Structure formats: C-alpha cells, structure tokens
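A.B. asks: My structure is below; once you've seen it, I'll send some questions.
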Amino acid sequence: MNRELHKKIYSPRIHRNIEFIALLCTLEIIISFVISTYNPPYESILFKLDFFSISFLSFEFIYRFIGTKNKTKFFKDKYNLIDAFVIVAFIMYLLEATLTHAIVSLRIINAVRVLMVLRAIKFRELRLSNETINFITIFTFSFILSCFIWLVEHEVNPGINNFGDAFYFTVVSLTTIGYGDITPMTSAGKLIIVLAVLYVISGLVSKAKGFLHEEHRLYYENKKIKKKIS
C-alpha cells in the first residue's frame with residue numbers, strides 16, 4: 001500500500017467516523033444483551049442487529065491492525081487484546097453456525113455479547129472528570145460481572161430472572177451490603193463474586209495505603225520547612 005493511498009484510507013476523518021460507528025455498535029450489543037434477558041418476542045431482530053454490530057467491530061479491528069505500523073505494539077494494548085478475544089469468539093460462532101447449519105444456542109450468543117461488553121472499558125479514554133471516569137469504571141465493572149452472573153446463574157437460580165436481578169445482586173455483593181435475598185447457586189457464580197469482592201477490597205486497601213503514604217510524606221515535608229524557618 002503506497003503512502004498516498006494509506007493517507008486517504010486512514011485519514012483522521014474516516015478514522016473518527018469508524019470509531020463513532022464502532023461506539024454505536026458497542027452500545028447496541030450492551031442494550032441487546034440486557035433486553036434479551038427479559039425474553040422479548042423479537043429475539044430474532046436482536047440477533048440480526050448483534051450480527052451486524054459484531055461484523056462491523058471485526059472490520060474495525062482489522063482496519064486498525066492493518067493501519068498500524070508497529071504490529072507488536074498493537075497487541076501490547078490491552079484494549080486491542082479485548083477486541084482480539086471478541087474476534088476469536090465471533091469466528092468460533094461462525095464456525096459453529098456453519099458446521100451445524102443451525103443457529104447456535106443462546107448461551108453462545110450471550111457469551112459473545114459479554115465479550116463485546118468489555119469494549120465499554122474504552123469509555124475511560126474519553127476526556128471526562130475524575131468523578132465521571134470513576135463512576136463509569138465502577139458501573140462497567142459491575143455490568144460485566146452481572147453479565148457473567150446472568151450466564152452462569154439464570155438457569156438454576158430462581159432469584160435471578162433477568163439482567164436487573166443479576167445487576168442488583170452484583171452491586172449488593174460488591175458493596176458488601178449482602179441482604180441475602182439472592183445468593184449464588186452455582187460454583188462459578190460463587191467464584192465470580194468472591195474474586196470480585198476481593199478485587200474491590202484490594203483496590204480500596206491500595207488507595208488507603210497510597211493516601212496514608214502521601215499524608216505521611218506531606219507531614220514530614222512541612223516539618224522540615226518549619227525547622228528551616230525557625
């Protein structure tokens with residue numbers, strides 16, 4: 001590919017348009033996943049929309065990969081690794097559909113949707129306030145966990161009938177409120193919650209240690225300044 005053609009194909013304007021469409025496709029996947037947990041009568045329409053969204057996001061990933069000069073550095077980006085997992089899941093889905101000549105099970109489709117939800121982490125790249133970024137990060141983390149909780153629990157847990165139930169259970173568990181009205185029934189569900197809670201607690205401990213260390217440093221710096229003045 002010569003330089004002139006490369007500049008035209010990978011111009012900032014085209015790149016921004018593709019990114020915008022990719023963002024809409026990601027939102028479609030998220031909304032579709034939530035709606036599908038309520039067993040709507042138009043599941044086939046959601047399936048077609050998901051198929052289009054994942055197809056476009058696959059194209060967007062290939063577009064960025066080909067346009068990147070440093071291919072090794074490209075896969076060092078965690079967001080690109082997320083997209084790579086999505087592509088692999090999509091290819092597996094296509095192979096399954098081809099081999100069986102039938103629509104794959106809803107569980108496989110939902111698994112692909114969960115991987116697509118991981119793209120929401122990219123929202124942190126937007127120029128927003130720290131408070132907004134923290135809220136989006138926590139919301140995204142809870143959302144992803146809720147997706148996995150739904151996948152492993154909805155068939156056996158009478159307390160989790162839709163995504164709203166899964167999200168409520170996840171938030172209550174992460175905040176350690178623990179009302180006890182919904183409890184995980186599967187080993188996978190229990191493991192997900194245990195690891196998630198430990199991850200959140202470890203994050204809080206790290207933040208607390210960082211805060212105390214900074215306060216300790218400022219205290220001794222002020223003490224040194226007072227000695228110099230006196």
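A.B. asks: With θ set to phi - 60° and the Karplus curve 6.51 cos²θ - 1.76 cosθ + 1.60, what are the ³J(HN,Hα) couplings of the range 138-144 in order, to the nearest whole Hz, using x for Gly and Pro?
C.D. replies: Computed from phi, the couplings for the range 138-144 are 5, 5, 5, 4, 5, 4, 4 Hz.
A.B. asks: Sorted from largest down, give the three principal axis spans of the alpha carbons of the range 12-67, whole angstrom values.
C.D. replies: Between the extreme Cα coordinates on each principal axis of the range 12-67 lie 41, 15, 13 Å.
A.B. asks: Please work out how many pairs of lysine residues in the range 1-91 are eight or more positions apart (or on different chains) and have Cα atoms closer than 20 angstrom. Intermediate values should be presented prior to the final figure.
C.D. replies: Details: Lys7/Lys69; Lys7/Lys71; Lys8/Lys69; Lys69/Lys78.
Close lysine pairs found across the range 1-91: 4.
A.B. asks: Please give the solvent-accessible surface of Glu221 in Å², to the nearest 10, using a probe radius of 1.4 Å with every protein chain present.
C.D. replies: 80 Å²
A.B. asks: Each residue of the range 62-73 in order: what ³J(HN,Hα) in whole Hz does its phi give by Karplus 6.51 cos²θ - 1.76 cosθ + 1.60, θ = phi - 60°, with x for Gly and Pro?
C.D. replies: Taking θ as phi minus 60°, the curve returns 5, 4, 5, 5, 5, x, 8, 6, 9, 5, 5, 5 Hz for the range 62-73.
A.B. asks: Under 5 Å between amide hydrogens, which residues at least 5 positions from Thr186 or on another chain qualify, with H placed 1.01 Å from N in the peptide plane?
C.D. replies: Correct list: empty.
A.B. asks: Which FRET efficiency, nearest 0.05, do Ile91 and Lys224 yield, Cβ-Cβ r, R0 45 Å? Intermediate values should be presented prior to the final figure.
C.D. replies: On the way: r = 61 Å, r/R0 = 1.36.
With R0 = 45 Å, the Cβ-Cβ based efficiency is 0.15.
A.B. asks: Compute the Cα gyration tensor for the range 158-213, then decide on rounded, prolate or oblate, letting a ≥ b ≥ c be the square roots of its eigenvalues: rounded whenever a/c is under 1.5, prolate when a/b is larger than b/c in the other cases, and oblate in all that remain. Present the calculation step by step, with values, prior to reporting the outcome.
C.D. replies: Details: a/c = 3.29, a/b = 2.36, b/c = 1.39.
The shape class here is prolate.
The values are calculated or read from the model by the stated rules, or taken from the named source; none is laboratory data. Because the structure is a prediction, the values reported are computed rather than measured. Reconstructed Cβ throughout: ideal geometry from the backbone, glycine too, with neighbour counts over all protein chains shown. The area values use the complete protein model at the heavy-atom level, side chains included, leaving out ligands, DNA and RNA. Shrake-Rupley method; radii C 1.70, N 1.55, O 1.52, S 1.80 Å.
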